[in-house]
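Data first, discussion second: the structure below is written as structure tokens.
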Amino acid sequence: MLHAPDPTRAATAPDAPLVLGLGGTMRFGSSSSRALEAALGAARHAGVRTTLIAGPQLDLPAYDVAAPRTAAAERLIDAVRRADGLIIASPSYHGGISGLLKNALDHLEELRGDARPYLHDRPVGLIATGDGWQGPNATLQALRLTVHAMRGWPTPLGVAHNISEGGVEGARAALELVGRQVAERVLRDARDRAAVAA
């Protein structure tokens, strides 16, 4: 879904770079979903467009390279193809990425033949949430490894947040910094492309 414009700033240009948020859980209002929204809000405030595919929108059939794509899988693949940067958030499930998100990332194998395959050369902000410190830290590391394998560039700051210490609000400053780092990189890349084309 496309986010409403932030009333505290001028409208984002319709041709501004696009940052895609992926993640959350099937539960409405989960900590990882709220953390992702906070990061996306900061990215929008920095001047990029954002869109979000989360929770039930990521409930795809188990990835099978030989199976026909569902409409939901097509939407995900097209959104990633168009994105200039991403922010990915996962709850920590037994010290790893949630099955919901991992399966969605597996579907990005369909981008293997693109001119810009997988997450090639795009900044990716990463967020992991959980009740405790061990799980989110392990999940953040797993997300970093996955993004590297998919040729993306994890931002310098990734957030592993123990939600038992202040909930999502306790990490808002760090979450917003992740959003700004992604936005700043995609905006810089857009300026560089425009300068080369001029």
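Find me the longest stretch of the chain that has none of the exposed chymotrypsin sites (Phe, Trp or Tyr not before Pro), where exposed means in a DSSP loop (not H, G, I, E or B) with at most 14 other Cβ atoms within 10 Å. The partial results should precede the final answer.
Details: sites that count: Phe28, Trp133.
That gives 29-132 as the longest site-free run.
Among Gln57, Gln134, Gln181, which one moves the most in a GNM of the chain with springs linking Cα atoms closer than 10 Å?
Looking only at Gln57, Gln134, Gln181, the biggest GNM fluctuation is shown by Gln134.
How large is the convex hull of the C-alpha atoms of segment 18-197 per residue, in Å³?
Residue-normalised Cα hull volume stands at 106 Å³.
Taking a ≥ b ≥ c as the square roots of the eigenvalues of the Cα gyration tensor of segment 145-198, is the shape rounded (a/c under 1.5), prolate (a/b larger than b/c) or oblate?
Because a/c hits 1.5 or more and a/b fails to exceed b/c, segment 145-198 counts as oblate.
Please compute one quarter of the surface area of the Cα convex hull for segment 15-121 and express it in square nanometres. Walk me through the numbers on the way to the answer.
Details: hull surface 29.1 nm².
Mean projected area of the Cα convex hull: 7.3 nm².
Quick check for me: using +1 on Lys/Arg Cβ and -1 on Asp/Glu Cβ, what's the dipole size of segment 18-197 about its Cα centre, in debye to the nearest 20?
Values: 20 positive and 18 negative charges, 87 e Å.
In total the dipole reaches around 420 debye.
Provide the three semi-axes, in whole Å and in decreasing order, of the ellipsoid equivalent to segment 97-198 as defined by the square roots of 5 times the Cα gyration tensor eigenvalues. Working shown, then result.
On the way: eigenvalues 151, 75, 15 Å².
Ellipsoid half-lengths, sorted descending, are 27, 19, 9 Å.
Can you show me the helix-derived [θ] at 222 nm for the chain, built from DSSP H runs with n ≥ 4 at -39,500 (n - 2.57) apiece and divided by the number of residues, rounded to the nearest 500.
-13000 deg cm²/dmol
For segment 26-88, what is the Kirkwood estimate of the hydrodynamic radius, computed as the reciprocal of the mean inverse distance between distinct Cα atoms, to one decimal in Å? Walk me through the numbers on the way to the answer.
Values: mean 1/r = 0.0756 Å⁻¹.
Computed over Cα pairs of segment 26-88, the Kirkwood hydrodynamic radius comes out at 13.2 Å.
Rounded to the nearest 0.05, what FRET efficiency is calculated for Glu165 and Ala195 with R0 set to 45 Å and r the Cβ-Cβ distance?
0.55
Per 0.36 nm of contour for each residue apart, how much would the distance between Arg27 and Gln141 grow if the chain were fully extended, relative to their Cα-Cα spacing? The partial results should precede the final answer.
On the way: separation 114, 0.36 × 114 = 41.04 nm, distance 2.36 nm.
Fully extending the segment from Arg27 to Gln141 adds 38.7 nm.
No lab work stands behind these numbers, since they all come straight from the coordinates. From a predicted model like this one, the values you see are computed outputs, not experimental measurements. Every residue, glycine as well, gets a Cβ built from its backbone with ideal geometry; the counts of neighbours run over all protein chains shown.
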